[in-house]
Amino acid sequence: MKIAILSQDSHLYSTRRLKEAGEKRGHEMKVINYLRCYINIASGKPSIVYKGRELENFDAVIPRIAASRTFYGCAVVRQFEVMGVFSANESQAISRSRDKLRCIQILAKEGIGLPVTGFAHDTEDIDGLIKAVGGAPVVIKLLEGTQGIGVVLAETHQAAKSVIQAFRGLNANILVQEYIKEAQGTDIRCFVIGNKVVAAMKRQSADGEFRSNLHRGGKAEKVKLTPEERITAIRSAKAMGLRIAGVDMLRSNHGPVVIEVNSSPGLEGIEKATQIDIADKIIQFIEKSVQNGNTNGSRIQY
Ligand code: ADP
């Protein structure tokens, strides 16, 4: 097969591993910087031009779209879709998952465990909002933050109020969330491919930090999931319409609660922690999907 990896940098660990894994299985792998593509929208003959040439004859694309480039990246993925190319994750599912609010609204509708979460435009009734999620301490999150940036723990009611006012004063959209103290600075990343969790790791935050992101100095190790955690991860990916997803959850005293579903989960941390060849599993999944002609769009409309 001819497979494109849509990535800004061919040296990134995940990009390199996917290229390597595809070539090992006999595929022609091309890394395409989606920001350098331009889209030609012509009725009946959609095309994409990259470095002066039309991109042709691809069987599949693997989108690795940076969070800050979601809009353009998804437009390029969508163009491949209208050209009839299989995408490991659909453009619509990627943009759906990039908005934390939209993501938890969809998960809530499916009855998936979540931290109690509030969202408001106005700062008139901040006290009510903080109380609605159970009172301080609370976690305050910028809607479009990643890698733990824009996630703040406010220990007291007054601190929560000041942070909310400051963010809203800058016109930033924020979520206010129940603080899951019993998670003790750890979270669980489940790597879902198709209908399976293929690997899982536990991330532990650095001392004095409540965020366990590896970018924030967290450490990762392999973890054994409970059947409930496994099912929660699979249901979450499915609810978002993602075929490949990194589902992050916390172990709360009322079961697993999902905090995020990532559409371009990194391979480095989890492959190193679990010694599982996830890149190879992604390529095998694409092979099967393309063979089965599985290019249907997801049916989720919101
Ligand atoms: P990002 O997308 O920026 O990584 P997350 O929502 O995943 O943001 O939060 C970053 C980290 O903060 C998580 O990995 C987790 O360790 C911690 N965290 C997030 N939400 C909560 C919460 N409600 N209670 C306790 N810890 C949390």
Within segment 168-186, restricting attention to residues that are outside any helix (DSSP H, G or I) and aliphatic (A, V, I, L, M), which residue is farthest from the ligand (Cβ to nearest atom)? LEU170
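Go through segment 168-178 and give me each residue that's touching a strand residue (DSSP E or B) at 6+ places or on another chain (Cβ under 8 Å) and surrounded by fewer than 19 Cβ atoms within 10 Å (Cβ to Cβ). Break it down into steps so the answer makes sense when it comes.
Residues of segment 168-178 touching a strand residue (DSSP E or B) at 6+ places or on another chain (Cβ under 8 Å): 168, 172-178.
Matches in segment 168-178: ARG168, ALA172, ASN173.
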Does ILE276 satisfy the criteria of being surrounded by fewer than 19 Cβ atoms within 10 Å (Cβ to Cβ) and modelled with pLDDT of 95 or more? yes
Filter segment 58-84 down to the residues that are in contact with a Lys or Arg (Cβ under 9 Å, 6 or more places away or on another chain) and closer than 22 Å to GLU20 by Cβ, then identify the one that is surrounded by the fewest Cβ atoms within 10 Å (Cβ to Cβ). ASP59
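Condition check ((1) surrounded by fewer than 20 Cβ atoms within 10 Å (Cβ to Cβ); (2) touching a strand residue (DSSP E or B) at 6+ places or on another chain (Cβ under 6 Å)) across all residues:
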position: ALA183; (1), (2): no, yes
position: ASP187; (1), (2): no, yes
position: CYS190; (1), (2): no, yes
position: LYS196; (1), (2): yes, no
position: SER212; (1), (2): no, yes
position: HIS215; (1), (2): yes, no
position: GLY218; (1), (2): no, yes
position: THR226; (1), (2): yes, no
position: ALA239; (1), (2): no, no
Out of the residues in segment 109-123 that are open to solvent by less than 60 Å² (accessible area, probe 1.4 Å) and of a type in the set (A, V, I, L, M, F, W, C), state the one that is farthest from SER252 (Cα to Cα). ALA120
Go through the residues of segment 208-215 one by one and say whether even a single one is within 12 Å of the ligand (Cβ to nearest atom), more than 12 Å from the chain's Cα centre (by Cα), assigned to a loop (DSSP other than H, G, I, E, B) and of a type in the set (A, V, I, L, M, F, W, C). yes
What are the residues in segment 141-167 that are open to solvent by 30 Å² or more (accessible area, probe 1.4 Å) and either touching a residue at least 40 places away in the same chain (Cβ under 8 Å) or near the ligand (Cβ under 9 Å from one of its atoms) (or both), if any? LEU142, GLU144, THR146, GLN147, ILE149, LEU153, GLN165
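The values are calculated or read from the model by the stated rules, or taken from the named source; none is laboratory data. Please read these numbers as outputs of a predicted model, since none were measured by experiment. All Cβ positions, even for glycine, are placed from backbone atoms using ideal geometry, and neighbour counts span all protein chains on display. Remember, those area values only see protein heavy atoms, side chains included, never the ligands or the DNA or RNA. Shrake-Rupley method; radii C 1.70, N 1.55, O 1.52, S 1.80 Å.
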